[in-house]
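This report concerns only the one structure given below.
Quick note: the coordinates plus some simple rules give every number you see, no bench work behind them. Nothing here was measured: the structure is a model prediction, and the numbers come from that model. In this analysis, Cβ positions are derived from the backbone assuming ideal geometry, glycine residues included, and neighbour counts consider all displayed protein chains.
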Number of protein chains: 2
Amino acid sequence: MVDASTYTAPVEDYAFLYREAFGADIVARATADAMTADDAIDVLTAAGEFAGEVLAPLDQVGDRVGATLVDGQARLPEGFAEAYAALVEGGWITAEAPESAGGDGLPTLVQNGLGEIWNASNMAFALCWMLTAGAIHALDAVASPEIRRIYLAPMVEGRWTGTMNLTEPQAGTDLGAIRTTATPNEDGTWSISGQKIFITWGDHDVAENIVHLVLARTPGAPDGAKGISLFVVPKFLVNPDGTPGERNGVQTVSLEHKIGIHGSPTAVLAYEGATGYLAGDLHGGLAGMFVMMNSARAGMGLQATGVSDRALQRAAAYAADRLQGPVLDRPAGAPIAEHPDVRRLLLSMSSEIFAMRAMGVRLGDLFDRAESDGTLAMAEFFVPIFKGWSTEEALRITSEGIQVHGGMGFIEETGIAQHYRDARIMPIYEGTTAIQSNDLVGRKVIRDGGATASALFDEITATVAALRAVDHAVATRTADRLERAVAAARRATDAVLGFASSPRDAYAVSVPYLMLLGFLVGGWMHALAVVAVAGHADAAPADARRLIEADFYGVHHLSRVASLAETVEAGEIA
Amino acid sequence: MVDASTYTAPVEDYAFLYREAFGADIVARATADAMTADDAIDVLTAAGEFAGEVLAPLDQVGDRVGATLVDGQARLPEGFAEAYAALVEGGWITAEAPESAGGDGLPTLVQNGLGEIWNASNMAFALCWMLTAGAIHALDAVASPEIRRIYLAPMVEGRWTGTMNLTEPQAGTDLGAIRTTATPNEDGTWSISGQKIFITWGDHDVAENIVHLVLARTPGAPDGAKGISLFVVPKFLVNPDGTPGERNGVQTVSLEHKIGIHGSPTAVLAYEGATGYLAGDLHGGLAGMFVMMNSARAGMGLQATGVSDRALQRAAAYAADRLQGPVLDRPAGAPIAEHPDVRRLLLSMSSEIFAMRAMGVRLGDLFDRAESDGTLAMAEFFVPIFKGWSTEEALRITSEGIQVHGGMGFIEETGIAQHYRDARIMPIYEGTTAIQSNDLVGRKVIRDGGATASALFDEITATVAALRAVDHAVATRTADRLERAVAAARRATDAVLGFASSPRDAYAVSVPYLMLLGFLVGGWMHALAVVAVAGHADAAPADARRLIEADFYGVHHLSRVASLAETVEAGEIA
């Protein structure tokens, strides 16, 4: 029977991506030869073992018991503090922090593999580290040497965690509406007052201190987003020797009762004259926050990949085990995995997950080569697509995971339902899909007149040519489909550019346009895999599976591009 | 602010469907002039008031508190028993039961409106009546006069409820694997032993007795589905005077801990020598169950419509109330409902819900005229499409309802999350989407060589011609889109017929084929609405909204047909 806590990291897929799909030198070129593909695979192998042994077994108890508020202090279920200590002990937190902040600075394309693994094994737990990583990036970019020494260093060591305090009841997407105030004290510190909501890991008992990064408005600051500053507000004030001292003026009012990620404490925090320290420029708070936006949003794509893969692992294990009726054209005793429609569901899931995973590696590579190869614009073009498309599709994938289980999928104890509930937050936080798509259409497509989009389409067209050079039926079919899809994407992009002067049209179809590009890039990822394996005379079983997934993706997912192009071209329906 | 318990029945839409979209005589012709459209609307108006006042306020407590098992007895939250009594008192249960069973026999096209309303106001509660209705239909078809008098009559009066006991741990979709046994007693009764799972409203305290319809295997019966018989097994044995007497040998082992419909007790029942009465023919048990299959499956489509509409009502109310940032091309103070993407989400929801609602009326009409007009084959063709497509799309619609709420959507207290969780069972029970699609492809398309499908496409083509006769831009666009969609559907149907000799191909794409037909029929429903309103010189505001929804549906949903045709034509990817 299925052991619900089992998780196996997809190291084999990463090995294929690092060694074959993107050429043999993708890791070396991204790291200026500091790492090889073998090194990267070793890192993921070790992470996978840790995640499988330590984090995955806590996933279900995190959901069932969840975070609770006891006498104003958030408590995590038994085992969470030990797991966090083990994560720190294993050096994983320092490994991912940038060198400039005192970390090991693993390349992004390896971090992106880690991001999938942490989220797949325990999404609620992984959020703790994701938020800390975001805070590290933000402080690394803007903080003074003193703040770096006192607050950043303990976070990089993993001793303290970090949070992002943006949202208030009236200020969600519209951060310009923030009302939390910061008034100057005589000693150069600031006094912070106001209420913040939806603060992920806003309070907990797994580490000794919490460094809140808080957006607030100073007296006389300009209205709107240009009057917001960023403050460091520790849960415990810091003693001269660097140890946590007395409690600061921030209280945990409540923890939210959410559909999912119960193991991640989502706090309402009340700041009542809390002592804060300005980080970065006065009125430059949003700039500080935006520093970490790319990595946080890309992180959501990795989260979508991980949670989707966990759902697939459960569904595949259940389907391989469960017998129910005779299976068409298969011997007696064949499990439900062989039923045509269950097989369809599993391939639907796995083929999209591969596309997401490859997209994550590709995006990491683009960021790693941003300076050396000028790939930043393309990386930033990918971010909203990866975040938006992957998280939206994760809803369908985790739903398909339930469907594979039939009636058992609706029963909480089965375990698959948790992923469906957990996943639902992903297209919302770190900017809803609409925010991603508006960023894509406004800042990434219209602003440069479609130049980056066009460069992407040219790259994909080059892959079509590479497919044509391979003598294999799947390569030919994939080339035909991808060629049609690129043509549809160009039409849709022309339509979006045509909406530059009627922005409601652009923003009314920006989500369909984002989804179109997601399906297209996913098809491109599969095409690269086909090029890598279809040429081999002696295809291994794993290669045969890759060809089936590519073919399946082309028929079931890439085919969406044409219909989405029709949607995009119509603009707003009014 | 939004009152989460508010529910307003869509009587206006039904009035449009009964009076305009399907012609002015649809109610009269379905009822042999026994009812007019006005009568039907009066019924729905009264039901809507009852549902809004009595059932809707219990929806959230049903979810939060749920059904609990206390000393072996399932208990519902406070208010449920009173609401059930009021439902009976109002005559609603008798109203829907067939005349042959002693009910009022409301026509199906009116019952289908009621089905939406009951499910929208309180899906968990509505299940109690849906299961009873199914049991009434099954007994009405097969039971002896004695069973009709003792068990059927109290169910039709609403005093007792009914259940369906099919599933066992090893026998879900494959009912032939049932192991529950029935051994004959000397007095002509049977002794029933075995365990049944997933029994909806299998135990409760809202009515005085429960009539379980149990599938079991008799000694020496043939293997598989042909050896299964149907038994009536009351929770309380019935005294000679017809009142409930001592407890029968059926115990409630547990109630399932489910993702949703917490207010519906899903029981594990243990039969230990319980006294049962054979209903219908020995070994003819599945036939008895299949009697109620059409209405039960159609009921799921109504459930999908209702739950989707409740999610829309919450989302629309929230979006009309919530302010967040300036809205493009709208005056200051415009709510988020005016943001292009929120408007897109709301139109995506409402345009599909209208299509579902119209499909429900159309299906009811086909059943009502089955004998008089020979429309049974077409009705049965629609059943799997309505069940499969509507329930799958309800997942997306309730998810969009969450998305409209942003971060608040993920918080349980907001209320929208319940519908997302509740909806997840709909594509599973009463036959998964794969079961629906296999029924569609195998029994409804391949068996008659595509004749019924072709007749449907001809009807839709006639509507295209009607659209061409209307001088309105939306009519013209709708005609163009629907014509292309029908052509794609014909191609896909030809492909399915071509798979008759390679059934794995047929069943590997049967769900995409079902979805294709669902999107197509939805487009047809909108087309009928366009024909009804676009010709008017003095279009009312409600008519303008219908045109926008039709146009939106064509661009955002009907456009899926072409891509699904490509999927279907490919067959199984192996």
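Some points to look at:
- Dipole magnitude for the protein assembly as shown: about 1220 debye, using +1 per Lys or Arg Cβ and -1 per Asp or Glu Cβ, origin at the Cα centre.
- The distance linking the stretch A:119-180 with the stretch B:362-406 is 47 Å (Cα centroid to Cα centroid, whole angstrom).
- Applying 1/(1 + (r/R0)^6) with r as the Cβ-Cβ distance of A:Ala320 and A:Glu186 and R0 = 45 angstrom yields a FRET efficiency of 0.10.
- Amide N of the stretch A:487-526 lying under 14 Å from the label point, which is placed 7 angstrom from the Cα of B:Leu328 along Cα→Cβ: A:495-514
- C-alpha long axis of helix B:80-89 to longest principal axis of chain B, angle in °: 80
- Cβ-placed point charges (K, R +1; D, E -1), dipole of chain A about Cα centre in debye, nearest 20: 1420
- Amide H contacts of A:Gly431 (H built 1.01 Å from N, under 5 Å, at least 5 apart or other chain): none
- Under a 5 Å amide H cut-off, with hydrogens placed 1.01 Å from N, B:Gly162 pairs with B:Thr132, B:Val211 among residues at least 5 apart or on other chains.
- Nearest-ten-degree value, helix A:340-368 long axis tilted from longest Cα axis of chain A: 50
- Counting Cβ atoms of other protein chains within 10 Å of each residue's Cβ and taking the mean over peptide A:494-504 gives 1.
- Nitroxide proxy distance, nm - points 7 Å out along Cα→Cβ at A:Arg443 and A:Glu459: 1.9
- Calculated from the alpha-carbon coordinates, the protein assembly as shown shows an Rg and a Dmax of 29.9, 96 Å respectively.
- Across the stretch A:396-412, computed HN-Hα scalar couplings (Karplus, 6.51 cos²θ - 1.76 cosθ + 1.60, θ = phi - 60°) run 5, 5, 5, 5, 4, x, 5, 4, 4, 7, x, x, 5, x, 8, 8, 4 Hz from first to last residue, x flagging Gly and Pro.
- Along the stretch B:164-175 the Karplus relation, 6.51 cos²θ - 1.76 cosθ + 1.60 evaluated at θ = phi - 60°, assigns HN-Hα couplings of 10, 10, 10, 6, 10, x, 9, 10, x, 4, 8, 5 Hz to successive residues, with x for each Gly and Pro.
- Top positive-direction residue, dipole computed over the protein assembly as shown with Cβ charges, set A:Ala462, A:Gly103, A:Ala529: A:Ala462
- In this calculation the C-beta distance from B:Leu497 to A:Thr6 is compared with R0 = 41 Å, giving a FRET efficiency of 0.40.
- Size of charge dipole - the stretch B:160-285 - debye, nearest 20, with Cβ of Lys, Arg +1 and Asp, Glu -1, no other charges: 320
- The stretch B:509-574 and the stretch B:24-47 have Cα centres separated by 27 Å.
- Among the listed pairs A:Lys196/A:Lys226; A:Lys196/A:Lys387; A:Lys226/A:Lys258; B:Lys196/B:Lys444; A:Lys258/B:Lys235, those beyond 29 Å (Cα-Cα): A:Lys226/A:Lys258; B:Lys196/B:Lys444; A:Lys258/B:Lys235
- Rounded FRET efficiency, nearest 0.05, which uses the C-beta distance separating A:Glu49 from A:Glu246 and R0 of 35 Å: 0.30
- Local electrostatic count at A:Ser121 - Lys and Arg +1, Asp and Glu -1, tallied over other residues with Cβ under 11 Å: -4
- Lys/Arg +1, Asp/Glu -1 at C-beta; the stretch A:161-284 dipole; positive extreme among A:Thr167, A:Ser254, A:Trp190: A:Thr167
- Entry note, the stretch B:403-560: relative contact order of 26 percent, from Cα contacts under 8 Å with a spacing of 6+ residues.
- Stretching the chain fully between B:Ser144 and B:Arg484 yields a gain of 117.2 nm (0.36 nm per residue, less the alpha carbon separation).
- The protein assembly as shown - mean residue ellipticity at 222 nm from DSSP helices (-39,500 (n - 2.57) per run, n ≥ 4, rounded to 500): -17000 deg cm²/dmol
- Sum of side-chain charges, B:Lys444 neighbourhood, beta-carbon under 13 Å (Lys, Arg +1; Asp, Glu -1): +1
- Under 5 Å, built H, 5+ apart or other chain: amide partners of B:Ser254: B:Val268
- Coil-residue GluC sites (Glu not before Pro) of the stretch A:4-94, DSSP, other Cβ within 10 Å capped at 12: A:Glu78
- Neighbouring Cβ atoms from other chains, within 10 Å of the Cβ of residues in B:547-554, number 2 on average.
- Label spacing, shortest first and in nm, from A:Gly374 to its equivalents in the remaining copies (7 angstrom along Cα→Cβ): 7.4
- Per-residue Karplus couplings for the stretch A:518-526, computed as 6.51 cos²θ - 1.76 cosθ + 1.60 with θ equal to phi - 60°, are listed in order as x, 4, 5, 5, x, x, 5, 4, 5 Hz, Gly and Pro entered as x.
- Shielding by partners, peptide B:267-280 (average Cβ within 10 angstrom, other chains): 0
- Farthest towards the positive end of the charge dipole of the stretch B:292-431, among the residues B:Gly333, B:Gly299, B:Met359, is the Cα of B:Gly333, using unit charges on the Cβ of Lys, Arg, Asp and Glu.
- Computed over chain B, relative contact order equals 13 percent, with contacts defined as Cα pairs under 8 Å that lie 6+ residues apart.
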